[in-house]
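Here the structure comes first, spelled out in structure tokens, and everything after it is commentary.
The values are calculated or read from the model by the stated rules, or taken from the named source; none is laboratory data. These numbers were taken from a predicted model, which means no experiment stands behind them. When we count neighbours, we look across all protein chains shown, and the Cβ atoms used for this are built from the backbone with ideal geometry, even at glycine.
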Amino acid sequence: MRINWYLLSSGKLRKQPAPQGWPTADPVQLGESWFDIEDAGPEELRQLLAPLNIHPLMLARCLDQAVVPGVISYGPAVLLEYPAAFDREAEGQAYLTFVLQSPALVTIRHGLIPGFNDLVQSLVAEEAPSLSHLVQILYLILDDLTDLSVQAETEVRDEILRVAKVLNEDPGAVHAGDLTKLRWQVDKLVSLVENQLYSIAGLNASDNEALREPHRKAFIQDLISEVEIAQRGIYRLETRVNDLHAYYQMASSDRVEKRLRILTIVSAITLPLGLIAGLLGMNVGGLPGAKLPYGFMAVIVLMVVIVAVELWYFKRKGWFD
């Protein structure tokens, strides 16, 4: 388990050593603080959150390892569970649990969250913008995670464009598994962004006093607009993947049709040749040309002429196009 403590003072966020007596210390005496918790087990979390005296239902949600996006608000405390990042390969979903109860903000990491440490470093840097309150930190974290979702959308869109280009140039180079993987990634993005929108909408609807001030509400409403834009973009990706799949099926059908056409032509060419060979191969008397010295060559020439005529006919009718 790892606890990172950051103290908000005079508009600056400063990293602090672990507070003395924590988790028995009174958070009010520590000042406006952000506690970022990594790799903590359920019992460790229970001890860490005990000084905040949050509602038992909120505590249970913090300890539960299941991903249940949404917002719970009781009295001065608000809990937010937020899907954190998009991973193309991972089966599970990384997410962040926020507990806001003035004067403390607690974030609990569940899973690997790319870029989160970089965000923290940007907030504590000397050139970091001035921070007025803990809600602003909450907003900046959510905004950064939302930007990661938009970035993931762009990456998947570029992958769809690449597959579309290959499918247009060489349909045989694209396999059904490639499109299935793309569809799975888009479905994951849809689920991620829908859960993010649900969580932010719950935050916007919360009656928590720390979130009710108009200028703070504006932050959350701005996030809602950003996620809604990302959501519409991802829905368009769904349509593009469906179009790709339809084009792939059409190209596959066209390849099968061409192969069947070639087989039909070969069958049509060999049918009269087989008929001639069968008739002349019968072991009966009276076969025409059997006594002629050039009878075999005459039959061969006849077969070649028949093949040439058939090929000319099929080509003229466009069977080779």
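For the residues LEU211, LEU179, the requirement of being within 16 Å of ARG157 (Cα to Cα), crowded, with 19+ Cβ neighbours inside 10 Å and in the same structural domain as ASP147 (by TED's automatic domain parsing) singles out LEU179.
Can you find, within segment 123-136, the residue that is surrounded by the fewest Cβ atoms within 10 Å (Cβ to Cβ) among those that are in contact with a Leu (Cβ under 6 Å, 6 or more places away or on another chain) and assigned to a helix (DSSP H, G or I)? Going through the qualifying residues, I end up with VAL124. Of everything in segment 191-208 that's without any contact (Cβ under 8 Å) to a residue 60 or more places away in the chain and over 15 Å from LEU145 (Cα atoms), which residue is surrounded by the most Cβ atoms within 10 Å (Cβ to Cβ)? Only one residue tops the list, namely ALA201. Taking the condition crowded, with 18+ Cβ neighbours inside 10 Å, at negative phi and within 17 Å of the chain's Cα centre (by Cα), does ALA94 pass? In short, yes.
Restricting the first member to segment 106-123 and to residues that are in the same structural domain as GLN65 (by TED's automatic domain parsing), and the second to residues that are of a type in the set (S, T, N, Q) and in a loop (DSSP other than H, G, I, E, B), the beta-carbon pairs closer than 9 Å and six or more apart or on different chains are HIS110/GLN65; HIS110/GLN93; GLY111/GLN93.
Can you spot a residue in segment 189-206 that is in contact with a Leu (Cβ under 6 Å, 6 or more places away or on another chain) and not in a helix (DSSP H, G or I)? No, there is no match, as no residue in segment 189-206 is in contact with a Leu (Cβ under 6 Å, 6 or more places away or on another chain) and not in a helix (DSSP H, G or I). When ARG216, ARG157, ARG162, ARG236 are checked against the criterion of being part of a helix (DSSP H, G or I) and under 28 Å from GLN136 (Cβ atoms), ARG216 stands alone in meeting it. Selection over segment 275-297 of residues that are part of a helix (DSSP H, G or I), of a type in the set (Gly, Ala, Ser) and exposed (fewer than 11 other Cβ atoms within 10 Å of the Cβ) gives a count of 1.
Within this structure, LEU244 fails the test of being aliphatic (A, V, I, L, M), assigned to a loop (DSSP other than H, G, I, E, B) and either surrounded by 12 or more Cβ atoms within 10 Å (Cβ to Cβ) or touching a Phe, Trp or Tyr at 6+ places or on another chain (Cβ under 9 Å) (or both). Answer with yes or no whether ASP143 is more than 30 Å from ALA246 (Cα to Cα), among the charged types (D, E, K, R) and in contact with a helix residue (DSSP H, G or I) (Cβ under 9 Å, 6 or more places away or on another chain). In short, yes. Among the residues of segment 36-80, the ones that are of a type in the set (D, E, K, R) and out of contact with any strand residue (DSSP E or B) (no Cβ under 7 Å at 6 or more places or on another chain) come to 4 in all. Under the condition of being out of contact with any Phe, Trp or Tyr (no Cβ under 8 Å at 6 or more places or on another chain), assigned to a loop (DSSP other than H, G, I, E, B) and either of a type in the set (A, V, I, L, M, F, W, C) or free of Cβ contacts under 8 Å to residues at least 12 places away in the same chain (or both), the residues counted in segment 28-75 number 5.
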